[in-house]
Every structure is written in C-alpha cells, then in structure tokens.
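Down below is the structure, laid out as structure tokens.
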Amino acid sequence: MNHYNRKKGILYIILAAFCFSSMTLCVRLAGNIPTMEKCMFRNLPALFIAFAVLRKGKESYRNFKKDQWIDLFFRCFFGSTGMVFNFLAIDHIGLADANMLNKMSPFFAMFFSVFLLKEIPSKFEWFLLALAFGGAVLVVKPSGGMNSIYHFVGLYSGLGAGIAYTFVRRLGIKGVQGPLIVFAFSLLTCLLCLPFMVLNYTPMSLGQFFILLLAGLFGAGGQFSITAAYESAPAKEISVFDYTQVLFAALLGLVFFGEFPDSKSLLGYTIIIGAAVVKWKSENQSKAEIKPPQQ
C-alpha cells in the first residue's frame, strides 16, 4: 500500500509546529518552576502514551543488538539534554529566539550525518550550512553577557536535537520502530530529571500543575504529529514547513508577553529560514530531475 500523501504530511507537520510552540508557551507560563520539574511534566504524558502503544505492538527490546542499544542511548542522551537546554532558553530569552535556535537542528543533523551516516553534503549544502550559522550568530548576538549565554544554551538545544535526529535515522535504518524510540527517550528524560526534582522540588499551584500538564499534552501531540507527517511524505518535501513553529512562537510571544524580535534576530530568522527553503527547493528539484518517466 502506498502511504504517500504530501498534503497530509504538510498539514501534520504544521500541526506539530503549533503543538510544540504551544508547549513552549506553557513552559513559560508555568512561571518560577525549576527546569527539571518542567521537563518531567513535559515527558510524562508521552511516556504513558508510548508505553500504551508498545503494549499493543509486537516489538520487544529483547531483540535489540548491542549497536542498537548504543544508538538508542545517544539518541536519548542528546535529545534529553537538548530539551533541558531548550527549556532553560525558553525561560530566559524570547520565545521566538528560543524556537529559532532550536530549529538549527536540521543543519546540525546534516553536519553530523557526515560522521554517523557517511552522507557527504555537496559544496552548495555546505554553503547553506555556513549561511544558517551566520543567521544563528545574528540571533545569538554574542556579547559575553548573561543573556548571550542563554542564547548559546538555546543553540545547544538545536545541536542536541540535530544529533538526536541523526541517531533516530540510524535506528530507523536498523529497523527500530518509532514508539520504542519515543518511550526510551521519554523514560530516560524522566530518570534524568527525577534526582534534580527530588532535591529541588518546588510546590506548584493547581494552575501551574494544569499548565505543565497541558505542556506535556502539547508535547506528546507534537511528537505523534511529526511522526505522522514523516510517515505521510519524505522529509525532503515537507521539513521546511516545520519552521512555521517560529512564526507561531513569535505570535504567541507577542500576544502573551509583548515580545517582538529585534532587527538582528529578524534578519537571522530570514537567513536561516531562507537557507532552509533553498535547501528544500534544491532537494525537490534534484528529485524531479532523476524521477523516471511514467509508463
């Protein structure tokens, strides 16, 4: 059966972008709650949902080989640390800046694919990667101040996510199914957060509890939506629409916090998104040129 549906894939990835930007809004709205506590609540819904899906499926961890366990660990480690740093950035810089720096992940994934997947980018792709980093510098605005440090924290969130996505692809090539990867990632993140949460637990109001629960539900919705998106159409054809998350985040930041990106950040957004669009068009054009004629 042919599962290809480009329009459906685009709709799902835009839905995922809305869910993830809404999740970041909830993380900020939760207020003065420790980052690890926020991460715990973000991952608990996804953990239980993935566990329920696994219970109905047939895949078993007992069939894992050693190299798959190693890949799964690094996927979880870089994904978890990337998420923690993303939450730190959300609490200290603008929502749009935090989301934009996190969206450097496709370019980091391209870089690390050279070492992990032996996929060598073309000279033009290296140029686009350098261009995207130039855009990130404009968003970070390095100055040595504390605000600049949190921008670098946000940049690491994109680095961690990019490496994690590369390991997800390696696991997919080796036949490991998505629900198991989501479950392992959510479980490791919860285990990582638990000691910090116990040592530095901050009681929350009922309102904060429901806001963090909503963050977890939006996060789970985003994970499953983006999985459905890439099941419906190839990443080359739809991944650029993931950058709508930055637009959603900018709108939410403006409405809820009165945040508006400065001129350097706006220029950085334009460069990074522009590089992503050019890369997307180039890949689709290459695909069209090698497409065999219809019989």
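Per-structure values
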| read-out | value |
| --- | --- |
| Distance between the range 171-208 and the range 213-230 - C-alpha centres, whole angstrom | 14 Å |
| Mean Kyte hydropathy of -1.0 or more with a Cα span along the axis of at least 20 Å, helices from DSSP in the chain | 6-29, 35-56, 66-92, 123-140, 146-173, 178-199, 206-232, 263-290 |
| Cα shape, the range 1-121, gyration tensor, a/c 1.5 rule | rounded |
| Where the chain is the region considered: accessible area per residue in Å², 1.4 Å probe | 51 Å² |
| Ordering of 88-100, 10-22 by burial proxy (mean other Cβ atoms within 10 Å per residue, highest first) | 88-100, 10-22 |
| Linear extension gain, Glu119 paired with Gln177, 0.36 nm per residue minus alpha-carbon span | 18.7 nm |
| Given charges at beta-carbon only (K, R positive; D, E negative), |dipole| of the range 1-124 in Debye | 560 debye |
| Cβ crowding within 10 Å averaged over residues, with 211-224, 254-267 ranked highest first | 211-224, 254-267 |
| Percent accessible area from carbon and sulfur atoms, the range 178-271, protein chains only, probe 1.4 Å | 77 percent |
| Value of [θ]222 nm, deg cm²/dmol, for the chain, DSSP H segments ≥ 4, -39500 (n - 2.57) each, nearest 500 | -27000 deg cm²/dmol |
| Of all accessible heavy-atom area on the range 24-173, the percent that carbon and sulfur account for (1.4 Å) | 69 percent |
| Accessible area, probe 1.4 Å, largest first, for residues Ser122, Ser232 | Ser122, Ser232 |
| In Å², nearest 10: area of Trp126 left accessible to a 1.4 Å probe | 90 Å² |
| Radius of gyration, Dmax [the range 100-222; alpha carbons; angstrom] | 17.9, 54 |
| Descending semi-axes in Å of the range 55-144, equivalent ellipsoid built from Cα gyration tensor | 31, 21, 10 |
| Principal axis box of the range 134-186, alpha-carbon based, largest edge first, Å | 45, 23, 11 |
| Dipole magnitude (debye, nearest 20) for the chain, charges at Cβ of Lys, Arg, Asp, Glu | 840 debye |
| Probe 1.4 Å - accessible area at Arg42, Å² to nearest ten | 10 Å² |
| Solvent-accessible surface (1.4 angstrom probe) belonging to Tyr150, in square angstrom, nearest 10 | 50 Å² |
| Cleavage-rule hits, trypsin sites (Lys or Arg not before Pro), the range 69-152, DSSP coil, Cβ neighbours within 10 Å at most 11 | Lys118 |
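The values are calculated or read from the model by the stated rules, or taken from the named source; none is laboratory data. The structure presented is a predicted model; accordingly, all values stated were derived computationally and were not measured. Here the Cβ is made from the backbone with ideal geometry for all residues, glycine too, and neighbour counts use every protein chain on show. Just the protein is used for accessible areas: all its heavy atoms, side chains included, with ligands, DNA and RNA removed. Shrake-Rupley method; radii C 1.70, N 1.55, O 1.52, S 1.80 Å.
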